[in-house]
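Notes follow once the structure below has been shown.
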Amino acid sequence: MKDAGCDREIITKVCRLYADRQVQDAVKMLKRHRCHLMEQLHESQSRVDCLDFLVRQMEKSQR
């Protein structure tokens, strides 16, 4: 879970839920974390797209 970007708090909660056989709740928590990571990914992709556009525009203006 650490490799997936989970902090100590999430890891502890998921492990506790899993140990208590509350597997569905543990899965929900992991899916919530996944959604958060996907939001960050999309935000980063949007920023990269903006930078790519800016670079293209600057390169065009030099021609």
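Of all residues in segment 6-18, count the ones that are surrounded by 10 or more Cβ atoms within 10 Å (Cβ to Cβ), in a helix (DSSP H, G or I) and of a type outside the set (Val, Ile, Thr). The number of residues fulfilling the criteria is 5. Looking across segment 31-63, the residues that are of a type in the set (Asp, Glu) and under 30 Å from Ala4 (Cβ atoms) come down to Glu39, Glu43, Asp49, Asp52.
Among the residues of segment 19-35, those identified as assigned to a helix (DSSP H, G or I) and open to solvent by 90 Å² or more (accessible area, probe 1.4 Å) are Gln24, Lys28, Lys31, Arg32, Arg34. Residue pairs whose Cβ atoms lie under 7 Å apart, separated by 6 or more positions or on different chains, with the first residue in segment 1-12 and free of Cβ contacts under 8 Å to residues at least 12 places away in the same chain and the second assigned to a helix (DSSP H, G or I) and open to solvent by less than 80 Å² (accessible area, probe 1.4 Å), are Lys2/Ile11.
The values are calculated or read from the model by the stated rules, or taken from the named source; none is laboratory data. Values in this document were obtained by computation on a predicted structure and should not be read as measured data. Here the Cβ is made from the backbone with ideal geometry for all residues, glycine too, and neighbour counts use every protein chain on show. Quick note on the areas: whole protein, heavy atoms, side chains included, nothing else; ligands and nucleic acids left out. Shrake-Rupley method; radii C 1.70, N 1.55, O 1.52, S 1.80 Å.
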